[in-house]
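To start, the structure itself, in C-alpha cells.
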Number of protein chains: 2
Amino acid sequence: MSVTIRDIARKLNLSITAVSRALDGYPDISAATREKVRQAALEMGYVPNRAARQLRRQKTDTIGYILPVSSPQHTESFHTVFMEGMSEEAAIHRYDLLISTAPPSSPEEQSIYQSWIQSHKVDGMIINRIQLHDWRVHYLAGQLFPFCALEDSGDDLDYPRVEVANQAGMTALVQHIHQQGYQRPAFIGGPVNLKIQQDRLQGYLDGLQITGLPYDPLLVETSDLTGISGYLACQRLLSSNFPPDAILCINDDVAFGVMRAIHETGLRVGRDIAVTGFDGLQESGFTTPSLTTVEQPVHEIGRELIRILLAEIQNQSAIERLRRITPSLQIRESTQK
Amino acid sequence: MSVTIRDIARKLNLSITAVSRALDGYPDISAATREKVRQAALEMGYVPNRAARQLRRQKTDTIGYILPVSSPQHTESFHTVFMEGMSEEAAIHRYDLLISTAPPSSPEEQSIYQSWIQSHKVDGMIINRIQLHDWRVHYLAGQLFPFCALEDSGDDLDYPRVEVANQAGMTALVQHIHQQGYQRPAFIGGPVNLKIQQDRLQGYLDGLQITGLPYDPLLVETSDLTGISGYLACQRLLSSNFPPDAILCINDDVAFGVMRAIHETGLRVGRDIAVTGFDGLQESGFTTPSLTTVEQPVHEIGRELIRILLAEIQNQSAIERLRRITPSLQIRESTQK
DNA sequence: TTGTAGGCGTTATCAA
DNA sequence: TTGATAACGCCTACAA
C-alpha cells in the first residue's frame, strides 16, 4: 500500500517512535537523525495516514458546512464566492472543508449534523442563513461543539459569529432612492424567519420613517431568494392598482428576476422604476442596466468565519469572537431616472 | 466521550465482536441479539467513529473535488450548481464531498492531490475543467486511483467520464445566428489548453464552414471565462475597423460581460449585435435582453459524475463508464434583430 | 537521545 | 451463533 512511518523506521534502522517524533519536530531528537528521517520521508513520498492520526488525536482537521439548498436548480450565486472564501482560508491552515447539501431545517439537515458531530467527522461547523432561534445554534451550543455563525439568531446566547450591518445597509438604500426622487418604494423579502429578512425589512421600515415616505403593507412582497421568485413577486406588485416606482429586493438574485419582469412589461428600469439588490455579486455590475446594491465582502466574510472558528477550536481566546462588517452602497444605473 | 461499540457490549453483556456484527447486519448472528443490539445502539445514541472505521477498512466514504479558482472574486456561477448536483448524489449514497480550492495546474493543486490520495483522505476524485493532456488524468490513472472526469483530455486513455457535445452545440449556435441574418460572427474563447476551448472553437469553425460564413482570425478573441474578461475582449472586438455583428462566447459569464460592454457603447444587443452564451445558467434567462445559449444539465452532470465514480470505486463494471450528454439550444432575445 | 508498549474504535480471522 | 485476539497507522507516557 502506501508508505508508512514503519517503512521509514525499517529503512533507517530506527524505532517508529523516533521517526514519528522527528517528523513532528519534537526537540528531544538529535538534529542529525531528524534530518535523516525528513530526507527519507521526502524521498519515499511519505504522507501521514489521516484516519490513524485522527483516531489517535481525536481531531479531524476538517470543517463542516452544509449548503442550504431549497429547490435544486434555483440557486443563489452567493454560495460559490462564500465557499471559495472559506475553502481558501481553511487551506491556509491545512484544514479541509467537508460539504453536504440539505434543505434548511429539514430532517436531512439534522441527521447530517448529528452524524458528523457524533462520529467525529469534523472539528467544527460553519452556519449560514441563520434563522430566528435557529435550532442549530441551540444544538451546537448544547453539545459544546465549536461553530461559527454568519449573523445572529436573536437568542440571548453568546457565540462566535460575523455580523453584517444589514439593517443600516437597507436603510441607506431607501435614503438613496428617496434622494433620487422615487416616491413609492416596495420591498421584496424572503422567508419570514430568516434573520436577514428581519433585518433588511426593518431597515426598509426605518428608511421609510427617516425619509418620511409612506408605508403601505401592499408594497411588501415575499420571495424565496431566487430570481424566479423575484420575477413572480414583481409581477404581483406591478399588477396592483397603485404600483410602486421603486423595488428594493432582499438580494441581488431576486433583483435580477425583478428587472426581467419589469423589462417584459415594456417599462424601463431606472427611468420608470428603480430596482436595488443586496450582496454586491459580481454579476450585479454586468446587468443592463447595472444594479444598485449593497456590497458585502462575501469572500472575506467566508474567510473570517473560518478564522474565528479555528481560533475557537484551538481555544485561542485572544481573537475577537464577534466581528461586525459594514457593507458598502454601490450606486449604479438601476436607480437613475 | 462518545458512545462506542464497547459501551453497548458492556451494557448487554456481549462481546464487541457480536455487537459489531449485529450492527453491520451480518447473517451469522441470531435475530434476537441483533434486535437487542440495534435497540440499545439507538437508545444510547451510538454513531460509529469514522476514523476508526476508515483505519480498519481503508475506505473513507468521501469524494474529493478541487474547485478551480483563478482570481478570487471572479467566479463562474457554474460551480454552485455543479457542486450541488455532486453533493446531492453523494449524500444519497452516504458519501461526503471534500472540497478544497486551488488554481488549475498550480503547485498547490498538485500537493492537494498528493496529500489527499496518499493520506487516504478520499476514495475517489472528480475532475473538472479538463485540459489537453491533463496531468491529473495521468497521475490518477498511474496511481490506479478511482476518478471520474468531466470531458476528455484528448489522450488515448480509457477512463470513466461524462462528455458533453460541446462542438455540436457551438456549431448549432453558428447556424442559428446565420439563419437570423447575422454575417460576421466573432468568437470569444478561453485558455487555449482547456478542452472546452478546443471543442467550442472547433464547433465555431465548423459552423462557419457549413454556413459558408467567412473566417477571420481577427474575430477570435480570448478570455479567462469570467464576465470581466468577456467585457474587455468585447471592447477589443468593437474597436476594430471591421467589427463583428455577432459574438459567440465560450460561456454565459463571458456573455454577460460582453452584453455589458455592448450596452455601454450605445449599441443594442440583438438588433445591432447578436450575443450567445454557453452553459444555460439560470441567470441567462433573466438578463436584458435574455441570452441565447446552449443549455447543459449542469446539476445532472454533477450527479452523473458521482454515480459513475461510485460504481468505479465499488468495481461495478455493470455501469457505463462513458456517458455522452447532448446540450440543448435555447433561443432567446439576444439573437433577434 | 532513543526504544518499548499500550491504546485510539473498528473490523476480520479464527477458533470455540 | 458467539468470543478472543490481532491488526489498521499513529502518538505518547514511560523506561532505558
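None of the figures in this text is laboratory data; all of them are computed from the coordinates on show. Just so it is clear, the model here is predicted, and its values are computed rather than measured. Reconstructed Cβ throughout: ideal geometry from the backbone, glycine too, with neighbour counts over all protein chains shown.
Laid out as a table, the results:
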item: A:His133, B:His79 arranged by Cβ crowding within 10 Å, fewest neighbours leading; result: A:His133, B:His79
item: Approximate spin-label separation B:Asp155-A:Trp135, in nm, with each point projected 7 Å along Cα-to-Cβ; result: 4.7 nm
item: Positive dipole terminus of chain A, leading residue within A:Gly25, A:Ala149, A:Tyr95 (C-beta point charges); result: A:Gly25
item: Likely footprinting exposure, A:Met170, B:Met125, fewest C-beta neighbours within 10 Å first; result: B:Met125, A:Met170
item: Highest-fluctuation residue, A:Arg34, A:Arg136, A:Arg324 considered, GNM on chain A with Cα pairs under 10 Å; result: A:Arg34
item: Label 7 Å beyond Cα on the Cβ vector: A:Thr33 copy-to-copy distances, nm; result: 4.6
item: Computed [θ] at 222 nm, deg cm²/dmol, the protein assembly as shown (DSSP H ≥ 4; -39,500 (n - 2.57); rounded to nearest 500); result: -13500 deg cm²/dmol
item: Total formal charge among the other residues, if their Cβ is under 14 angstrom from that of A:Lys36, Lys/Arg +1 and Asp/Glu -1; result: +3
item: Pairs beyond 29 Å (Cα-Cα), from A:Lys36/B:Lys121; A:Lys121/B:Lys11; B:Lys59/B:Lys195; B:Lys11/B:Lys121; A:Lys59/B:Lys11; result: B:Lys59/B:Lys195; B:Lys11/B:Lys121
item: Unit charges on C-beta of K, R, D, E only; dipole of the protein assembly as shown, Debye; result: 2060 debye
item: In Hz, Karplus ³J(HN,Hα) per residue of region B:33-44 (6.51, -1.76, 1.60; θ = phi - 60°; x = Gly, Pro); result: 4, 4, 4, 4, 5, 4, 4, 4, 4, 4, 4, 7
item: Alpha-carbon radius of gyration plus Dmax, which is the widest Cα pair, for region A:119-195 in Å; result: 17.0, 58
item: Options B:Leu267, B:Pro191, B:Ser229, ranked by Cα towards positive dipole end of region B:133-290, top entry (Cβ charges); result: B:Leu267
item: Cβ-derived FRET efficiency at R0 30 Å, A:Arg321 paired with A:Leu218, nearest 0.05; result: 0.10
item: For the protein assembly as shown: span of alpha carbons on each principal axis (Å, largest first); result: 76, 63, 57
item: Length gained when the stretch A:Lys11-A:Gln235 is fully extended (0.36 nm per residue, less Cα-Cα span); result: 73.2 nm
item: Additional length obtainable on full extension of the chain from A:Arg57 to A:Ser30, 0.36 nm per residue less Cα span; result: 7.2 nm
item: Where Rh is the Kirkwood radius over Cα pairs, Rg/Rh for region B:5-57; result: 0.95
item: Check: chain B dipole with +1 on Lys, Arg Cβ and -1 on Asp, Glu Cβ, in debye; result: 1280 debye
item: Environment charge at B:Val3 (Cβ cut-off 13 Å; Lys +1, Arg +1, Asp -1, Glu -1); result: +1
item: Of A:Asn13, A:Val37, A:Val47, farthest towards positive along the dipole that unit charges on Lys, Arg, Asp, Glu beta carbons give region A:5-57; result: A:Val47
item: Cα centroid separation - region B:279-300 against region B:134-196, whole Å; result: 18 Å
item: Surrounding net charge for B:Ile16, when Lys and Arg each add one and Asp and Glu each subtract one, Cβ distance under 12 Å; result: +3
item: Burial ordering of B:Arg50, B:Arg307, A:Arg57, fewest other beta-carbon atoms within 10 Å first; result: A:Arg57, B:Arg307, B:Arg50
item: For region A:324-335, 3J(HN,Hα) per residue [Karplus equation, 6.51 cos²θ - 1.76 cosθ + 1.60, θ = phi - 60°, Hz, x = Gly/Pro]; result: 9, 10, 9, x, 10, 6, 10, 8, 9, 6, 5, 10
item: Against the rule of thumb 2.2 N^0.38 Å, how large the Cα Rg of chain A comes out; result: 1.26
item: Magnitude of the charge dipole, region B:5-57, Cβ model with Lys/Arg +1 and Asp/Glu -1, debye to 20; result: 220 debye
item: Convex hull (Cα only) mean projected area of region A:1-118, reported in nm² to one decimal; result: 10.2 nm²
